[in-house]
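One structure is given here, and the rest of the page talks about it.
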Amino acid sequence: MSQFDQVIDRRNTSSVKWDLVEKLYGSREVLPMWVADMDFPAPRPVVDALIARAQHGVYGYTTRPDSVYEAIELWARTRHNWTIEREWIRFSPGVVPGLAFLLYALSAPRDKVIIQPPVYHPFAFTIRENDRQIVNNPLIFENGRYRMDLDDLERKAREGARLMILCSPHNPVGGVWTQGELRQLGEICCEHGITVISDEIHSDLLLPGHVHTPFASISPEFAQNSVVCTAPSKTFNLAGLQTSVITIPNKELRDRFDSVLDRLHLTLPNTFGLVAMEAAYRYGGEWLDELRGYLSANLRYLTAFLAREAPQIKVVQPQGTYLVWLDCRELGLQTEELSRFMREDAKVGLDDGHIFGPGGEGFERINIACPRSVLQEGLQRIAGAVRKLGA
Ligand SMILES: Cc1ncc(COP(=O)(O)O)c(C=O)c1O
């Protein structure tokens, strides 16, 4: 038995995933398999470090010691072969807030920002809510996998944009971009003066055989033209601790980011987030490798199960992340019907594809970072409802 097989009751912990299920999906009976957090406890060394800090009892204003920077640098170097300099490192209480700060820092109202839908929906919300313009460079879905449309990107870049928010690895389609794809994208952006904000929050969650390339590691030119957002939050299930890392190699961009955070008085860390991040990056590697094995077995299970029990639903094979993009178009349901079908007939809480923007209609995103027994339950519910649909 794996440590990840243990089912932990998360209800009544103010969990967004579990405690908002009735409000969002209309019934407590719905099994939540949405939002990107895991139903697993954090690695033991992280829990121990938090307990030790909690037992101290005094939780006053906290500074960031050198050891935290060292842990971040060490993780980037050992896991991603990326050498980052200490002065590049900045922080944010979450990657999404970080994206908003970067929009303020690096663009002006009405400026164009390129994204690649279907993509993590807060990209579009953040751009729109902050009075910037979305420019879509949709991914191409071909032979069961997604690729970038670099010709379209070149055209859009020529029409003028200030920023591009890249999702690498890509949520929701699970793509891990190759160095070749990233290089071409980066060259287009450099040529047209577009700064790349590379959201690499899923970069530690790779399926076997795939390698993540930090965008800024590709060349010094790319480093100077990009900002990389990472965090221990997805990797070690620490999203509630609101601690993310924003790496900015270019001094001018960094100064602009600093001035936004200074103005918002967002300069001090959360004590527990800091402790957890350092412990995770220093001691969490072994746990992460075990987790990746478990997630890849969950993916194999899901793929075989759906092929056998609900073949109308096609699995877009991810290369990373614990989010799986399901092509449900063969069910023949319209957008609202599909949403209702999953919620009311199957009684599973998934993320409807259409929320991720153009190209998402007819798809659903399922989160497989749960014990196998929970995954089995969710899949059985879906297959049962699909059988009734065909009857
Ligand atoms: C691509 C991507 N970026 C950012 C986030 C959320 O980041 P945070 O909780 O640090 O704001 C998620 C969560 O699902 C994500 O998938």
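The values are calculated or read from the model by the stated rules, or taken from the named source; none is laboratory data. Note that the structure is a prediction, hence the values are computed from the model and not measured. We place every Cβ from the backbone using ideal geometry, glycine too, and count neighbours over all the protein chains shown. SASA here: full protein model, heavy atoms, side chains in, ligands and nucleic acids out. Shrake-Rupley method; radii C 1.70, N 1.55, O 1.52, S 1.80 Å.
Summary table
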| quantity | calculated |
| --- | --- |
| Checklist (1) in contact with a His (Cβ under 8 Å, 6 or more places away or on another chain); (2) at pLDDT 95 or above; (3) more than 16 Å from the ligand (Cβ to nearest atom) applied to Gly160, failing item | (2) |
| Test: residue in region 57-69 that is modelled with pLDDT of 95 or more, assigned to a helix (DSSP H, G or I) and surrounded by 15 or more Cβ atoms within 10 Å (Cβ to Cβ) | yes |
| Test: residue in region 117-130 that is in contact with a Leu (Cβ under 8 Å, 6 or more places away or on another chain) and among the acidic types (Asp, Glu) | no |
| Those residues of region 275-296 which are among the aliphatic types (A, V, I, L, M) and within 20 Å of the chain's Cα centre (by Cα), in sequence order | Ala276, Met277, Ala280, Leu288, Leu291, Leu295 |
| Verdict on Asp131 being assigned by TED's automatic domain parsing to the domain that holds Ile84 and more than 30 Å from Val275 (Cβ to Cβ) | yes |
| Test set (1) within 16 Å of the ligand (Cβ to nearest atom); (2) buried (at least 24 other Cβ atoms within 10 Å of the Cβ) - Leu206 fails condition number | (2) |
| Test: residue in region 105-122 that is part of a loop (DSSP other than H, G, I, E, B), open to solvent by 10 Å² or more (accessible area, probe 1.4 Å) and within 12 Å of the ligand (Cβ to nearest atom) | yes |
| Test for Arg128: is it within 16 Å of the ligand (Cβ to nearest atom), of a type in the set (D, E, K, R) and not in a loop (DSSP other than H, G, I, E, B) | no |
| Of the criteria (1) over 25 Å from Asn270 (Cβ atoms); (2) surrounded by fewer than 15 Cβ atoms within 10 Å (Cβ to Cβ); (3) within 16 Å of the ligand (Cβ to nearest atom), which one Asn143 fails | (3) |
| Filter pass, Phe101 being within 16 Å of the ligand (Cβ to nearest atom), surrounded by fewer than 16 Cβ atoms within 10 Å (Cβ to Cβ), of a type outside the set (S, T, N, Q) and part of a helix (DSSP H, G or I) | no |
| Residue tally, condition assigned to a helix (DSSP H, G or I) and either within 16 Å of the ligand (Cβ to nearest atom) or in contact (Cβ under 8 Å) with a residue 24 or more places away in the chain (or both), over region 74-86 | 6 |
| Residue satisfying condition, being farther than 29 Å from Val35 by Cα and either surrounded by 20 or more Cβ atoms within 10 Å (Cβ to Cβ) or not hydrophobic (A, V, I, L, M, F, W, C) (or both), within set Arg90, Arg79, Arg162 | Arg162 |
| Candidate set from region 8-50 (those that are under 14 Å from Asn237 (Cβ atoms) and touching a Cys at 6+ places or on another chain (Cβ under 9 Å)); member that is nearest to the ligand (Cβ to nearest atom) | Met38 |
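Matching residues to (1) among the aliphatic types (A, V, I, L, M); (2) without any contact (Cβ under 8 Å) to a residue 12 or more places away in the chain; (3) more than 21 Å from Arg300 (Cα to Cα); (4) open to solvent by 10 Å² or more (accessible area, probe 1.4 Å):
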residue	(1), (2), (3), (4)
Arg343	no, no, yes, yes
Asp352	no, no, yes, yes
Pro358	no, no, yes, yes
Arg365	no, no, no, no
Arg372	no, no, no, yes
Ala383	yes, no, no, no
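Quick grid of which residues meet (1) within 19 Å of Phe236 (Cβ to Cβ); (2) within 14 Å of the chain's Cα centre (by Cα); (3) at pLDDT 95 or above; (4) open to solvent by less than 10 Å² (accessible area, probe 1.4 Å):
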{"position": "Pro172", "(1), (2), (3), (4)": "no, yes, yes, yes"}
{"position": "Leu182", "(1), (2), (3), (4)": "no, no, yes, yes"}
{"position": "Leu185", "(1), (2), (3), (4)": "no, no, yes, yes"}
{"position": "Cys190", "(1), (2), (3), (4)": "no, no, yes, no"}
{"position": "Gly193", "(1), (2), (3), (4)": "no, no, yes, no"}
{"position": "Val196", "(1), (2), (3), (4)": "no, no, yes, yes"}
{"position": "Ile201", "(1), (2), (3), (4)": "yes, yes, yes, no"}
